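Take a look at the structure set out below.
The values are calculated or read from the model by the stated rules, or taken from the named source; none is laboratory data. Please read all numbers here as calculations on a predicted model, not as lab measurements. Don't worry about glycine lacking a Cβ; one is built from the backbone with ideal geometry, like all the others, and counts go over all protein chains shown.
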Amino acid sequence: MAEDGPGSVIWMRPEHAATGRPARRSREEITAAALAIADREGLDAVSMRRVAADLGTGAASLYRYVETRDDLLDLMIDATGAEYGFAAPTGDWLADVLAIGDQARAIMRRHPWLPSLLITRSVLGPNGLVLLEHVLAALAPHPASTAAKLEAFAMLNTVTALFTQNELTGGSQRQQRNAAYLQHALATGRHPRLAELLAPAAADPGPAPDPAGRYRDIMARILTGLLAPQPPA
């Protein structure tokens with residue numbers, strides 16, 4: 001029997017408290033209100049009191065459906081997973097998983113508060129399980145172990161969140177500033193190894209690479225490496 005108590009995840013508990021007045025709200029409605037606030041004003045604006053106000057009710061009434069703000073954050077994270085549109089696997093596992101990663105980036109851009117929350121908060125709810133199911137289906141042709149495939153799923157989520165977070169918080173501008181300082185430091189002659197390594201790039205600098213634009217290439221290398229056959233111990 002599933003645990004029903006404060007220590008259980010919210011999806012293991014009843015939709016609303018069994019005692020008191022008849023239910024007038026739903027978790028879905030409460031979650032939608034919280035998402036709208038976060039999208040407009042950022043995650044810090046989301047509180048039980050604020051969500052209740054937007055729903056035209058008292059904060060105390062929401063605790064019949066959601067016990068804590070942490071529960072609400074879990075519901076919000078999982079709700080964004082309903083925005084994926086899954087196609088049947090093509091048999092090209094890497095292309096299929098990267099396509100899911102592209103969708104994840106698009107979802108995170110629509111909800112700018114989401115990447116940082118995903119990086120710091122590991123949540124697996126109903127929509128997350130659907131996502132995992134589709135990633136495992138895409139990886140079915142690959143001979144890697146189940147453990148390696150689960151690691152690949154975790155890395156897909158985390159690396160995609162890091163890329164998108166960097167993108168949303170001015171990563172390209174920071175990279176340009178860092179590159180300018182690097183050139184300044186190399187000109188002092190105090191970093192000969194770096195200077196030797198970067199000499200070809202200095203001779204023909206070209207446009208600075210944008211890590212966000214290289215998402216698919218870098219993600220492909222991470223996934224390929226994670227799922228490669230392991231040498232015998």
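Quick check on residue 115: is it farther than 16 Å from residue 216 by Cβ, outside any helix (DSSP H, G or I) and not β-branched (Val, Ile, Thr)? If you could, list the steps in order and put the result at the bottom.
Working: farther than 16 Å from residue 216 by Cβ: yes; outside any helix (DSSP H, G or I): no; not β-branched (Val, Ile, Thr): yes.
So residue 115 fails the test.
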When residue 82 is evaluated against the numbered criteria (1) in a helix (DSSP H, G or I); (2) among the aliphatic types (A, V, I, L, M); (3) surrounded by 14 or more Cβ atoms within 10 Å (Cβ to Cβ), which criterion, by number, is the only one it fails? (3)
Criterion violated by residue 31 - all others in (1) without any contact (Cβ under 8 Å) to a residue 40 or more places away in the chain; (2) among the hydroxyl-bearing types (Ser, Thr, Tyr); (3) part of a helix (DSSP H, G or I) satisfied: (1)
Residue count, region 131-160 (criterion: touching an Asp or Glu at 6+ places or on another chain (Cβ under 6 Å) and over 18 Å from residue 228 (Cβ atoms)): 0
Any pair with Cβ under 7 angstrom, 6 or more apart, that starts in region 216-232 at a residue that is under 16 Å from residue 141 (Cα atoms) and ends at one that is in a helix (DSSP H, G or I) and of a type in the set (Asp, Glu): 226/151
Residue list for region 118-144, filter: modelled with pLDDT of 95 or more and among the small types (Gly, Ala, Ser): 125, 128, 137, 138, 140, 144
Matching option when the condition is over 30 Å from residue 39 (Cβ atoms), at pLDDT 75 or above, of a type in the set (A, V, I, L, M) and outside any loop (DSSP other than H, G, I, E, B), among 220, 179, 185, 202: 220
